[in-house]
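Have a look at the structure below, then the notes.
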Amino acid sequence: MKPWPYPRWLAHRGAGKLAPENTLAAFRLGASHGYAAFECDVKLSQDGEAFLLHDDTLERTTSGQGSPAKQTWAELARLDAGGWHSPGYAAEPLPRLAQIAAFCQANGCALNIEIKPCPGEEARTGEQVAHDAARLWAGAAVPPLLSSFKPEALRAAQAAEPALPRALLLDTLWDGWETTAEQLGAVAVITNWRLMDAALIQRLHGHGWRALVYTVNDASVAQQLFDAGLDGLITDAVDLLRPD
Ligand code: G3P
Ligand code: MG
C-alpha cells in the first residue's frame, strides 16, 4: 500500500453535531477538540462556486429554499447556515471550499472532500472540485482526499486532476464495486461501518486500498475496527472520542 499521510480520526461534516454541519464554526469546534482531519460535503452553485452543503436542497440546514444548483454563489452567500442549529450560531454563512482550504492549511489539518453533487451534476462537480482542490492545495504536503458515492463524479475528478488521491464511498457492497475502485485508481474505500470487518479490511488491503468507515460514534466499535486493521474513521462524536 502507498504511504498514508492522513490521521486515523476524521471529524464528520466539520464537527457537525455540536456546531452547524459543514460550516467553518464546525471546523473550529472540531479543532478545539484536538481533531486534525475533517470530512465535509462539497457541491457547486449554479455559477460553479464549490461550497459546503450536505443536502440536495437548502431547507434543512439554511434559511434558503430549493436547489443550490439553481442559485448563484452571491445568493447562497447571503443565507444563514447556523441558526437552524442553535441561536448562538445564527448568521453563520455557508463556507466556500477556498475558506476551508485556508483554515485547514493554517492549522495543519487534513481534509477529506466528499464530492456530493446535486442530481445530474456529477461530472461537472467532480471536475470542478478536483481543479479547485489542486489549485487551493498546490504545494501542500498533504493533499485533500477526494471521495464520493458517485463513480461518475470520481471519474471526472480522475480525468481532471489524476494526481489527487481518490476514495470510493460505499453504503452497500454493490455488484462491481471492486472493479470500479480499480478503474478509479482509488487509494482507499470508505464504507458504512456496519459493512466493515476484519475480512473486508484484508480484502481491501489486498487490493492496495486503505480501509476507512463512516460514521462511528461508539468507542468500543472504533476500538474493534482499529484492532482489526482499520486505517481511518469518520465520527460525529468529537467531544467523546479522543483522536490519537
Ligand atoms: O463521507 C462519508 C459520510 O459523510 C457519508 O455520509 O451522508 O454524512 O455524507 P453523509
Ligand atoms: Mg459526507
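The values are calculated or read from the model by the stated rules, or taken from the named source; none is laboratory data. None of these values were measured; they are calculated from a predicted model. Every residue, glycine as well, gets a Cβ built from its backbone with ideal geometry; the counts of neighbours run over all protein chains shown. Note: accessible area is taken over every heavy atom of the protein model, side chains too, but ligands, DNA and RNA are not part of it. Shrake-Rupley method; radii C 1.70, N 1.55, O 1.52, S 1.80 Å.
If you take the residues of the stretch 82-138 that are among the charged types (D, E, K, R) and farther than 24 Å from Ser32 by Cα, which of them is farthest from ligand 1 (Cβ to nearest atom)? Working first, answer last.
Filtering the stretch 82-138 for residues among the charged types (D, E, K, R) gives 92, 96, 114, 116, 121-122, 124, 127, 132, 135.
The next check asks that each one be farther than 24 Å from Ser32 by Cα; those that pass are 116, 121-122, 124, 127, 132, 135.
Working: Lys116: 6, Glu121: 16, Glu122: 15, Arg124: 19, Glu127: 19, Asp132: 18, Arg135: 22 Å.
Applying the filter and picking the extreme gives Arg135.
Find the residue count for the stretch 1-45, including only residues that are without any contact (Cβ under 8 Å) to a residue 24 or more places away in the chain and within 16 Å of Leu145 (Cα to Cα).
Count: 1.
Identify, from the list Ala81, Ala36, Ala74, Ala69, the residue that is closer than 30 Å to Arg242 by Cα and away from ligand 2 (no atom under 16 Å from the Cβ).
Just a single option satisfies the conditions, and that option is Ala36.
Do you know which residues across the stretch 10-28 are more than 13 Å from Pro95 (Cβ to Cβ) and open to solvent by 40 Å² or more (accessible area, probe 1.4 Å)?
Lys17, Leu18
Suppose we filter Lys2, Lys17 for residues that are basic (Lys, Arg) and more than 15 Å from ligand 1 (Cβ to nearest atom); which single one remains?
Lys2
Looking at this structure, is Asp56 assigned to a loop (DSSP other than H, G, I, E, B), within 14 Å of ligand 2 (Cβ to nearest atom) and more than 29 Å from Ala222 (Cα to Cα)?
yes
Step by step: first the residues of the stretch 29-43, then only those that are within 16 Å of ligand 1 (Cβ to nearest atom) and among the aliphatic types (A, V, I, L, M), then the one that is surrounded by the fewest Cβ atoms within 10 Å (Cβ to Cβ). Which residue is that?
The residue in question is Ala37.
Quick check on the stretch 1-17: of everything there that is at pLDDT below 95 and more than 9 Å from the chain's Cα centre (by Cα), which residue is nearest to Cys104 (Cα to Cα)?
Taking the candidates together, the pick is Ala15.
It is to be established whether one or more residues within the stretch 71-80 are within 16 Å of ligand 1 (Cβ to nearest atom) and either of a type in the set (Gly, Ala, Ser) or not in a strand (DSSP E or B) (or both).
Within the stretch 71-80, none of the residues are within 16 Å of ligand 1 (Cβ to nearest atom) and either of a type in the set (Gly, Ala, Ser) or not in a strand (DSSP E or B) (or both).
Which of the residues that make up the stretch 21-57 are under 14 Å from the mean Cα position of the chain (by Cα) and hydroxyl-bearing (Ser, Thr, Tyr)?
Scanning the stretch 21-57 gives a single hit, Thr23.
Could you pull out every one of the helices (runs of 4 or more DSSP H) wholly within the stretch 127-244 that has 1 or more residues that are under 18 Å from Tyr6 (Cα atoms)?
Filter on the stretch 127-244 gives 198-207, 219-227.
Can you tell me which residue is nearest to ligand 1 (Cβ to nearest atom) among those in the stretch 179-219 that are of a type in the set (A, V, I, L, M, F, W, C) and surrounded by fewer than 16 Cβ atoms within 10 Å (Cβ to Cβ)?
In this case the residue turns out to be Leu195.
Taking the stretch 47-88, which residues are under 18 Å from Ala26 (Cα atoms) and open to solvent by 60 Å² or more (accessible area, probe 1.4 Å)?
Arg60, Ser63, Trp84, Pro87, Gly88
If I ask for residues that are assigned to a loop (DSSP other than H, G, I, E, B), within 15 Å of ligand 2 (Cβ to nearest atom) and among the hydrophobic types (A, V, I, L, M, F, W, C), which ones from the stretch 1-22 would you list?
Hit for the stretch 1-22 is Ala15, nothing else.
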